[in-house]
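Where a number appears in this text, it was derived from the coordinates with a stated rule and is not lab data. Everything numeric here is computed off the predicted structure, so don't read it as measured data. For neighbour counting, all protein chains shown are included, and Cβ atoms are generated from backbone atoms with ideal geometry for every residue, glycine included.
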Protein chains: 2
Amino acid sequence: MTIENLSSNKSFGGWHKQYRHRSEVLNCDMRFAIYLPPQAAGGEQVPVLYWLSGLTCTDENFMQKAGAQQVAAELGIAIVAPDTSPRGDAVADVEGYDLGQGAGFYVNATQDPWSRHYHMYDYVLEELPALVEALFPVSDKRAISGHSMGGHGALVLALRNPERFQSVSAFSPIANPVNCPWGQKAFTAYLGENGADWAEYDASLLMRHTTGKLPALVDQGEADNFLAEQLKPEALAAAAAASDYPLQLRRHEGYDHSYYFIASFIGEHLRFHAEHLGL
Amino acid sequence: MTIENLSSNKSFGGWHKQYRHRSEVLNCDMRFAIYLPPQAAGGEQVPVLYWLSGLTCTDENFMQKAGAQQVAAELGIAIVAPDTSPRGDAVADVEGYDLGQGAGFYVNATQDPWSRHYHMYDYVLEELPALVEALFPVSDKRAISGHSMGGHGALVLALRNPERFQSVSAFSPIANPVNCPWGQKAFTAYLGENGADWAEYDASLLMRHTTGKLPALVDQGEADNFLAEQLKPEALAAAAAASDYPLQLRRHEGYDHSYYFIASFIGEHLRFHAEHLGL
């Protein structure tokens, strides 16, 4: 296992660091970022929040723009932000922001040419946590959150693997991808035409019949340009009602799809996760 | 006076907005950003912190990365972030990040070809506050702060115009530009060879003989790559000691020149300014 430290910045008494490593699951080099709160320097094993970003993002957007590190430092939570897809000249890509590099959709692709590298589901679920838990002073207590495409990823990973996480949250998730243009385009390319395969990556379908139930918090801005066509939180709300899932879905007047919305409420998400991480 | 609203994002109950306007002083179109805290929506006139960014920045860097809006919303302070130079195809520029567009150094240039547009000192001191105070629900109570080149600008503007501001602060300022490569390159180009002209834009020289004294807070990271060659806070400390200037200069072990450093302490700067703004 080779891993290279690319940057280190002291932040709120802890450290923001970027690393490059070889991913076996993705068959390419990957970069991720970690925020280690001050408590981690004292030998304490801190829990980890995995943050999954949205279309076009890298590991940097959340770390630079969300303003999460102040509350993470206060509570003693590490944050890990992976990239949003496999990367590199050898990795399949197309024109456009919503498919290919920067748009992995947190699935395991089964279709050519994507299946050679696009296994972000396995990467985020298994390979990255194993790496993080081997290298850093973190516990195996995990929470997961994300934004937009990453909110979809966080909900799907938590719904399918409730034993792996203590809690899940999302901002503006693509909540019912089988019924929106972004999801239909990506799932057709990555997964083919079989609806049963699609259903394994749709939070609103999964939430109707999942057995393990995690505390879940979802925030959605009412002034989000993508709300009606792409995000569809009403499908998630209906699924939660049908299965009695412990979902807290909040709608916020005036907020849009940007990181200003995330910054405004990320502190509340961190406190929500802290409660379920036993902090 | 024409002014165009380019974007609006709700943030911590207030609003981040970007505007484009015609600057007479700079002889070009300019963009700036303003954060209006929730208190401003209630008809209250809030004080304004002017934030001056560093080399290569625009109005966006601070607003997206500093995490300042949470505390600004709590305290009821508006924040205005101008661009760092005149802009546009008609505006003189050169290769390199430290002269020309993105590197106005908050001076009034006297030398060709710069003197046609590069009057950032007058823009930040007069034209922009007049515009802001005419259009938004803000008072004439002003504070000023900035980072690196912008920390230099904030200190110079406050030292030469103590009647215009209640308080001044800076992160990692270019504290003695006549004695560092960045300052010498910019001042030679913008101001020519006359040392007396340079001295009007050097905080460490100005602080030795200013009459009006403002509360001043400066934070400097000890792991800042530019500390020894470009920033020289020791010159500012010596000037403050010589003139009994009320400067609080803090050095922070491990912190670098990045926005992670600014984010870690911007809340303390806002509280410092709030105290002197009468909040």
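Structure notes:
- Amide H contacts under 5 Å for residue B:15, placed H, 5+ residues apart: B:36
- Contact order relative to length of chain B, as percent, for alpha carbon pairs under 8 angstrom and 6 or more apart: 17
- Residue exposure sequence - A:32, A:105 - by fewest surrounding Cβ within 10 Å: A:32, A:105
- Among the residues of A:61-73, the average count of other protein chain beta-carbon atoms within 10 Å of the residue beta-carbon is 3.
- Estimated translational D of chain A in µm²/s (Stokes, Kirkwood radius over Cα pairs; 4 °C; 1.567 mPa s): 70
- The sum of -39500 (n - 2.57) across all DSSP H runs of n ≥ 4, divided by the residue count of chain B, sets its helix-only mean residue ellipticity at 222 nm to -8500 deg cm²/dmol.
- Shown for A:63, B:207: other C-beta atoms within 10 Å of each C-beta, ranked fewest to most, produce the order A:63, B:207.
- The protein assembly as shown shape via C-alpha gyration tensor axes, a/c threshold 1.5: prolate
- FRET efficiency, residue A:60 to residue B:115 (Cβ-Cβ, R0 25 Å, nearest 0.05): 0.05
- HN-Hα J in Hz across region A:239-251 - Karplus 6.51, -1.76, 1.60, θ = phi - 60°, x for Gly and Pro: 5, 4, 5, 5, 10, 6, 7, x, 9, 9, 10, 10, 10
- One chain, two ends: residue B:199 and residue B:133. Fully extended at 0.36 nm per residue, the span grows by 20.7 nm beyond their Cα-Cα distance.
- The Rg/Rh ratio of region B:1-144, with Rg taken over Cα atoms and Rh as the Kirkwood radius over Cα pairs, comes to 0.98.
- Here the average projected area of the convex hull drawn through the C-alpha atoms of region B:118-250 stands at 8.1 nm².
- Over region B:165-227, Cα pairs under 8 Å with separation of 6+ residues give a relative contact order of 52 percent.
- HN-Hα J in Hz across region A:224-237 - Karplus 6.51, -1.76, 1.60, θ = phi - 60°, x for Gly and Pro: 6, 4, 9, 4, 6, 7, 10, 9, 6, x, 5, 5, 5, 4
- Between residue B:248 and residue B:213, the contour length at 0.36 nm per residue exceeds the Cα-Cα span by 11.3 nm.
- FRET efficiency estimate (nearest 0.05) - Cβ-Cβ, residue B:29 to residue A:229, R0 30 angstrom: 0.35
- For residues of B:254-261, the mean tally of beta carbons on other chains within 10 Å: 5
- The mean number of partner chain beta-carbon atoms within 10 angstrom of a residue's beta-carbon across peptide B:7-16 is 6.
- Cβ-based exposure ranking for B:210, A:2, in which fewest neighbours within 10 Å come first: A:2, B:210
- Near the amide H of residue A:257, within less than 5 Å, lie the amide hydrogens of A:225, all on another chain or at least 5 residues away, with H placed in the peptide plane.
- Phi to ³J(HN,Hα) by Karplus 6.51 cos²θ - 1.76 cosθ + 1.60 over region A:65-75, Hz, x for Gly, Pro: 10, 7, x, 7, 6, 4, 6, 4, 5, 5, 7
- Other-chain or far-sequence residues with amide H under 5 Å of residue A:119's (modelled H): A:109
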